[in-house]
Every structure is written in structure tokens, then in C-alpha cells.
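Colleague: Mind looking over this structure? Questions follow.
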Amino acid sequence: MGIDAELTARTKKRYDRIAGAYDLMEQPIERLFYASWRTRLWAGVKGPEVLEVGVGTGKNMPYYPDGVHVTAIDLSERMLSRARRLAKVLGLDVDLRQMDAQALAFPPDMFDTVIAAFVFCSVPDPVIGLKELGRVCRPEGQIRLLEHMRARSEPLGRFMDVANPLVVRMMGANINRRTVQNLTKAGLQIQRVEDLSAQGIFKLIVAKPRSP
Ligand SMILES: C[S@@+](CC[C@H](N)C(=O)[O-])C[C@H]1O[C@@H](n2cnc3c(N)ncnc32)[C@H](O)[C@@H]1O
């Protein structure tokens, strides 16, 4: 199966629609949890070339380490225009581009670190997207992800399955993805999975692009 163009267009439209309200909507959870998790996500980043996938409005930008060159992509032009504004405010030289994570317009082995936060819940085909991350990451490089996923136990997991269609329509994000398994399906070599919350819902994942 290839990229679902219709679903991808719908995802783009959803994020274009919520771009203006995104930062405000996320503010409480950002303050309570995400800010400290982002510090951990970016703590092990190696450069010089870093790719941020699904940059959104640029919420990771304050955590970009010195001395690396960041290229950042997103499907939604409206999210990107907010990211462009923030980069300017922060005085960051980020190469921001509109692009689909499922079809990255970069040659193989281009980046030392490929990183994403809360993105593979909404990429229409996460396995195709994760394969792309593996393709553009150098063999000795690393892939670092901060993601939410389906709860590991029932009945919460089943509740997430039932609620998922409504959440996707409202927010663009799937709440029942099996992201760790998706990394394996994409041929990535998982190095570390850190549980950040109860039920294994939020995780920090570090992986290698492929088996050496
Ligand atoms: C929940 S937001 C997270 C944004 C940001 N990473 C953050 O931490 O706040 C998900 C982002 O992924 C982007 N996205 C979804 N599917 C994508 C795809 N196929 N390619 C690139 N970006 C995508 C959305 O446009 C949105 O900006």
C-alpha cells in the first residue's frame, strides 16, 4: 500500500484549521508535562545536521541545542507560518519547509539526528513515515521520538479505540496508535523506550535507522 493522498490532504486541512488555536489549546499540558519531556527529547541530540519532522508551530525550537543546523518540515503551511514567526522571534536560523513525512525530499543518509514530537499519531501512514525517517538518517545516527500511543492495558486501551474516530476529527491525532510496534514494522532498530506516564501512553523512544 502506498500513500493515501486523500487522508494526507485531510490531515493537512485539519492542522491548517487548528493552527491559530494550537498553542493556546496545548498550553496547560505543555506547562504541566511537555516542557520537561522536550528537555529530555533534545538532551541527546547529535549534529551537525538535524531534521525535525512535524515541527508544527515550533514548540521544540526553544530546546534546539547550539551548534547544530536544523531543517524542519511540516505538512501544514499554516502551522509552518507560525513556526517561521517563532524562529524569527528566537533569532534561530532554521530551514523550514512544507513537506510530507511520508515522502521526504531528501537524499538517503543526510541527517545525524532525526527527531519528532507528537507527530506519528497524525501521520496518515506512520509506518511509511517512519521508514522515511530511517532512510534519511545516517546509519550511525539516531532517531528520537516523543509520542503518545494506545494505553498498554484494558479497558483504557479499548476506550481509546472507541473514542479515536471522534478525536481524529476534532484534533487530527489518533490516540490508539501502536507506535513502538510501528517502529519495528518500519525496520528501525529500537535502542531505548522510556515510559513517561502511567499506562505507557507517553514515551520517549530512541532508535537507530536500521540494522548495521
Ligand atoms: C500534534 S502536532 C505536533 C507539533 C509539534 N511537533 C509539537 O511538538 O507541538 C502534529 C504535527 O504533525 C504534522 N504532520 C501530520 N502529518 C504529517 C506529515 N505526513 N508530514 C509532516 N507533518 C505532518 C501536523 O501538521 C502537525 O503540525
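Colleague: Given springs between every Cα pair under 10 Å in a Gaussian network model of the chain, which of Gln142, Gln102, Gln199 has the largest fluctuation?
Modeller: Ranking Gln142, Gln102, Gln199 by mean-square fluctuation puts Gln199 first.
Colleague: Mind putting a number on the dipole of segment 20-102 about its Cα centre? Charges go on the C-beta only, +1 for Lys and Arg and -1 for Asp and Glu, and I need it in Debye to the nearest 20.
Modeller: Its charge dipole is roughly 220 debye.
Colleague: Using 0.36 nm times the number of residues separating Ser81 and Val162, minus their current alpha carbon distance, what extension gain do you get? Provide the component values of the computation, followed by the final result.
Modeller: Details: separation 81, 0.36 × 81 = 29.16 nm, distance 3.37 nm.
Net length gain for the segment: 25.8 nm.
Colleague: Another question about this same structure. Out of Tyr34, Cys137, Ala105, whose Cα points farthest toward the positive end of the dipole of segment 1-138 (charges: +1 Lys, Arg; -1 Asp, Glu; placed on Cβ)?
Modeller: Tyr34
Colleague: Calculate, in whole percent, how much of the Cα-Cα pair population of segment 43-183 lies beyond 27 Å.
Modeller: Tail of P(r) above 27 Å: 22 percent of Cα pairs.
Colleague: A further question follows. Mind checking the dipole of the chain: about its Cα centre, +1 per Lys or Arg Cβ, -1 per Asp or Glu Cβ, Debye to the nearest 20?
Modeller: Working: 31 positive and 24 negative charges, 77 e Å.
Result for the chain is approximately 360 debye, rounded to the nearest 20.
Colleague: What distance in nm separates the simple spin-label points at Glu6 and Arg152, each placed 7 Å from Cα in the Cβ direction?
Modeller: 3.8 nm
Colleague: Just rank Val45, Val123, Val162, fewest to most, by other beta-carbon atoms within 10 angstrom.
Modeller: Listing Val45, Val123, Val162 from fewest to most nearby Cβ atoms yields Val162, Val45, Val123.
Colleague: Next up: Between Asn60, Ala207, Met25, whose Cα lies farthest towards the positive end of the dipole of the chain when Lys and Arg beta carbons carry +1 and Asp and Glu beta carbons carry -1, centred on the Cα centre?
Modeller: So the residue we want is Met25.
Colleague: Lysine pairs in the chain 8 or more apart or on different chains: how many have alpha carbons under 17 angstrom apart?
Modeller: Working: Lys46/Lys208; Lys59/Lys88; Lys131/Lys185; Lys131/Lys208; Lys185/Lys208.
Summing the qualifying lysine pairs gives 5.
Colleague: Which value, in debye to the nearest 20, describes the size of the charge dipole of segment 54-121 about its Cα centre when Lys and Arg Cβ atoms bear +1, Asp and Glu Cβ atoms bear -1, and nothing else is charged?
Modeller: Computed about the Cα centre, the dipole is about 440 debye.
Colleague: Say R0 is 30 Å: what FRET efficiency, to the nearest 0.05, do His69 and Gln191 get from their beta-carbon distance? Please list the in-between numbers first.
Modeller: Details: r = 24 Å, r/R0 = 0.79.
Rounded to the nearest 0.05, the efficiency is 0.80.
Colleague: How much of the DSSP bridge set in the chain is antiparallel, in percent, rounded to the nearest 5?
Modeller: In the chain, approximately 40 percent of DSSP beta bridges are antiparallel ones.
Colleague: Can you give the Rg and Dmax of segment 116-165 based on its C-alpha atoms, in angstrom?
Modeller: 13.8, 40
Colleague: In what sequence do Phe111, Phe33 fall when counting other Cβ within 10 Å, fewest first?
Modeller: Phe33, Phe111
Bear in mind these aren't lab numbers, they're just calculated from the coordinates by the rules spelled out. It should be emphasised that the depicted structure is a prediction, and the values quoted were computed from it without experimental measurement. Positions of Cβ are generated from backbone atoms using ideal geometry, with glycine treated the same way; all protein chains shown enter the neighbour counts.
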